[in-house]
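Everything on this sheet refers to the single structure shown next.
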Amino acid sequence: MKPSLVRSGVDAIVRMSGTRTNYWVEVAVDFALGTTLLAEGWRHHTGGPLSATAAIVLGLLAFSFIEYFFHRWMFHTRIPLFEQGHRLHHERPLGYDSLPFFLPAAVLLAIAGVCVLIMPTGFALLMTGAVTFGYIAYGLSHFTIHHVRFKHPVLRRWAGAHHVHHYHPNSNFGVTTPLWDVLLGTRYVRQSRSR
């Protein structure tokens, strides 16, 4: 009985995660969290503008790796909560399939808590605020890539890199940046045709 109760709970969360309401509530919750983290980080920051900027840049860089890590090693595995929702996205890229609205905020708060334990409070909060806004940028970028047809060549190439992932799911895990795909060898390279 217990496994079926767990399975029912996971299925309910997955159904809720595929709704438009869940998607936009998550954006709102994450925006409020990111704003709070940055404001509190600035309030508690004892360094100068250079160290505040370093915290924000470090947070954005850290998020780019977190994005890559989760997409490659969590969403493309057999962990039901992650895999099931991500599989739905691959099947219906125009849908609203995403993580349950409460999960990213809970994880981001946990990351902030750990960072506050190991580094100065202001720096840690600024950094995790930047991670949060990196996550928001990822979510909105991913949504836009699937719902907008870009005319500008640079934007078309950026969106095209993610569309390639839907046809070659072992490549192009980065949505906001190809940095980690390039560094870790998962950037899709078109094979030349043999004649």
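The values are calculated or read from the model by the stated rules, or taken from the named source; none is laboratory data. If you're wondering where the values come from, they're calculated on a predicted model, not measured in any experiment. Methodologically, a virtual Cβ is constructed for each residue, glycine included, from the backbone with ideal geometry; neighbour enumeration extends over all protein chains shown. These accessible areas exclude ligands, DNA and RNA; they are computed on the full protein's heavy atoms, side chains included. Shrake-Rupley method; radii C 1.70, N 1.55, O 1.52, S 1.80 Å.
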Report summary line: Only unsatisfied item for Y96, checking (1) touching a Gly at 6+ places or on another chain (Cβ under 9 Å); (2) modelled with pLDDT of 90 or more, is (2)
Requested in this report: Output yes when any residue across segment 54-72 is surrounded by 15 or more Cβ atoms within 10 Å (Cβ to Cβ) and either touching a Cys at 6+ places or on another chain (Cβ under 7 Å) or outside any helix (DSSP H, G or I) (or both), and no when none is.
Outcome: no
Report summary line: Checked segment 13-41 for anything of a type in the set (D, E, K, R), within 16 Å of the chain's Cα centre (by Cα) and modelled with pLDDT under 95; matches are E26
Query - Which numbered condition Q191 misses (of (1) loosely packed, with under 10 Cβ neighbours inside 10 Å; (2) modelled with pLDDT of 95 or more) - result: (2)
Query raised in the report: Hey, among the residues in segment 118-150 that are outside any helix (DSSP H, G or I) and modelled with pLDDT of 95 or more, which one's farthest from F70 (Cα to Cα)?
Result: P120
Query raised in the report: Could you give every pair whose Cβ atoms fall below 6 Å, whose first residue belongs to segment 129-158 and is in contact (Cβ under 8 Å) with a residue 12 or more places away in the chain and polar (S, T, N, Q), and whose second residue is open to solvent by 40 Å² or more (accessible area, probe 1.4 Å) and not in a helix (DSSP H, G or I), counting only separations of at least 6 or pairs across chains?
Result: S141/T176
Report task. Kindly list, by first and then second residue, each pair from a residue in segment 101-117 that is over 19 Å from G18 (Cβ atoms) and assigned to a helix (DSSP H, G or I) to a residue that is aromatic (F, W, Y) and open to solvent by 50 Å² or more (accessible area, probe 1.4 Å), limited to pairs with Cβ atoms under 7 Å and residues at least 6 apart or on different chains. Result -> none
